[in-house]
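**Q** Sharing a structure here in structure tokens format.
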Amino acid sequence: RRKSSSDGGAGQPTTVTIHWRIVNTSNDASDVRVRGVLGPNVRWPGQVLTKFGPAPQVNDRTGEITWQVGSVPAGTGVLGPAAETVFQLELTPAITDVGTTPVLVRESRAVGVDDFTGSSLESSTGELRTNLPDDPTLSTEQGRVQP
């Protein structure tokens, strides 16, 4: 998750690059899919690079992003590269967002099936805000909307 350009001000578009990665340390998995929902004032400009499976799609009406990954072999992200998709989002903060860290993507959830045990697999992360905690180049203050 990385911020790529911004002036950080209300009413000014900010482009953010999001990385969704899947690591599978155990058994082969199938029917793997990832879902997230865009936050308020966030737009999907359609810039996507997918290194595994088809590109994610967005439902313009609901703001739901869906990545239908499919099969993820055991060792993905450990013995070889992670399953990954990279996409850009554009946030145009409202004046009411000044001083806050707006939501870019609400909770992201990955689901699938363990091919050996038949068990359901599920993993989720909390909402992703503009403070981008995984980006060491960005301070918390830089993630706040400026006047």
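The values are calculated or read from the model by the stated rules, or taken from the named source; none is laboratory data. This structure is a prediction, so every number in the text was calculated from the model and none was measured. With ideal geometry, Cβ positions are generated from the backbone for all residues, glycine too; neighbour counts draw on all protein chains shown. Note: areas computed on protein heavy atoms with side chains; ligands, DNA, RNA excluded. Shrake-Rupley method; radii C 1.70, N 1.55, O 1.52, S 1.80 Å.
**Q** Would you tally the net charge around VAL69, using a Cβ to Cβ cut-off of less than 12 Å, leaving VAL69 out, and scoring K and R as +1, D and E as -1?
**A** The answer is +2.
**Q** Further question: Within a Cβ distance under 12 Å of ASP115, other residues only, what is the Lys/Arg minus Asp/Glu net charge?
**A** Surrounding charge for ASP115 is -3.
**Q** What is the spin-label model distance, in nm, from ALA82 to ARG61 if the labels are put 7 Å beyond Cα along the C-beta direction?
**A** 3.3 nm
**Q** Given the Cα-Cα distance of VAL111 and THR50 and 0.36 nm per residue of separation, how much length would full extension add, in nm?
**A** Once the chain is fully extended between VAL111 and THR50, it gains 20.1 nm.
**Q** I want the local charge near PRO56. Using Cβ-Cβ distances under 14 Å, sum +1 for each Lys or Arg and -1 for each Asp or Glu among the other residues.
**A** +2
**Q** Moving on to the next point. Would you mind getting the accessible area per residue of the chain, heavy atoms of the protein chains only, 1.4 Å probe, in Å²?
**A** Normalised by residue count, the accessible surface of the chain is 54 Å².
**Q** Taking the chain as a Gaussian network, where each spring joins two C-alpha atoms under 10 Å apart, which residue of ILE65, ILE18, ILE95 fluctuates the most?
**A** ILE95
**Q** Connecting C-alpha atoms closer than 10 Å in a GNM of the chain, tell me which of THR96, THR50, THR85 has the biggest fluctuation.
**A** Maximum among the listed residues: THR96.
**Q** Also, quick follow-up: Give a residue-ordered list of calculated ³J(HN,Hα) values for the stretch 76-82 (Karplus: 6.51 cos²θ - 1.76 cosθ + 1.60, θ = phi - 60°; whole Hz; x for Gly, Pro).
**A** After applying 6.51 cos²θ - 1.76 cosθ + 1.60, I find 4, x, 10, 8, x, x, 5 Hz.
**Q** Given the options VAL78, VAL105, VAL69, which has the most mean-square fluctuation in a GNM of the chain, springs set between C-alpha atoms less than 10 angstrom apart?
**A** VAL78
**Q** Then there's this: Which of (i) 13.1; (ii) 9.2; (iii) 8.8 is the computed mean projected area of the Cα convex hull in nm² for the structure on display?
**A** Among (i) 13.1; (ii) 9.2; (iii) 8.8, the one derived from this structure is (iii).
**Q** From the phi of every residue in the stretch 32-40, what ³J(HN,Hα) in whole Hz does the Karplus formula 6.51 cos²θ - 1.76 cosθ + 1.60 yield, where θ is phi - 60° and glycine or proline is x?
**A** Result, ordered by residue: 7, 8, 10, 9, x, 10, 4, x, x Hz.
**Q** Next question. Can you give me the long-range amide H partners of ALA29? Hydrogens built in the peptide plane at 1.01 Å from N, cutoff under 5 Å, separation of 5 or more residues or another chain.
**A** VAL72, ALA74, ASP115
**Q** Over the chain, with every protein chain in place, what whole percent of the accessible area is carbon and sulfur at 1.4 Å, could you tell me?
**A** In the chain, the share of accessible area belonging to carbon and sulfur is 48 percent.
**Q** Under the rule of at least 5 residues apart or a separate chain, name every residue whose amide H is placed under 5 Å from the amide H of LEU121.
**A** GLY112, VAL113, ASP114
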